[in-house]
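The values are calculated or read from the model by the stated rules, or taken from the named source; none is laboratory data. Fair warning: this is a prediction, and the values are worked out from it, not measured in the lab. Heads up, the Cβs are rebuilt from the backbone with ideal geometry, glycines too, and the neighbour counts pull from every protein chain shown.
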Amino acid sequence: MNKQQQRFVEDMGQLMVGWGLPRTTGRVYAYLLLRPEPATLDQIAADLGVAKSGASVATRQLVQFGMARTFGDGGGTRRLRYDALYELDAIIAARTAQTLAFFDRLHEGARVASAPSVKRKITAMTGALEGVFAQAPALARRTQKRRSA
């Protein structure tokens, strides 16, 4: 990797720390974004100078968050290759179930809140978030249309 690519990898690592994710997860994501083809755990670990176990945890987190996907190696082995997802709708779809569960918890919080003012605040916040979330698929489609035009 050149210096600008290394800086991008490091910056993404720091950014994801702010999201509550390990720095290695952000670094692996940036690395995968820059690669023209999927990478094995051995390649990721060697190129980023991290333990293979750390690369494994990071790739599992990225797959779970809908930011990367796995491929079989194709050679009859169980080795996996990892690639970043670039499609906004795929990332949004992967986050949908977790977001809906979050909304369910917020509704539960409003239901069990003893103070009416707290109940109103939680309900208002939940409604606003649900409104934004409901618009995400349409926004993703518009973005994809603009890209392909």
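Observations on the structure shown:
Quick grid of which residues meet (1) in contact (Cβ under 8 Å) with a residue 40 or more places away in the chain; (2) in the same structural domain as Thr96 (by TED's automatic domain parsing); (3) within 28 Å of Thr99 (Cα to Cα):
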site: Gly18; (1), (2), (3): no, no, yes
site: Arg35; (1), (2), (3): yes, no, no
site: Thr40; (1), (2), (3): yes, no, no
site: Gln43; (1), (2), (3): no, no, no
site: Ser53; (1), (2), (3): no, no, no
site: Ala58; (1), (2), (3): no, no, yes
site: Arg79; (1), (2), (3): no, no, no
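- Put simply, of Arg120, Arg111, Arg60 the only residue that is modelled with pLDDT of 90 or more, farther than 30 Å from Pro22 by Cα, surrounded by 12 or more Cβ atoms within 10 Å (Cβ to Cβ) and of a type in the set (D, E, K, R) is Arg120.
- Residue satisfying all of: in the range 36-53; modelled with pLDDT of 95 or more, part of a loop (DSSP other than H, G, I, E, B) and out of contact with any Lys or Arg (no Cβ under 8 Å at 6 or more places or on another chain); farthest from Phe71 (Cα to Cα) among these: Gly49
- Of the criteria (1) in contact with a strand residue (DSSP E or B) (Cβ under 7 Å, 6 or more places away or on another chain); (2) surrounded by fewer than 18 Cβ atoms within 10 Å (Cβ to Cβ), which one Gly18 fails: (1)
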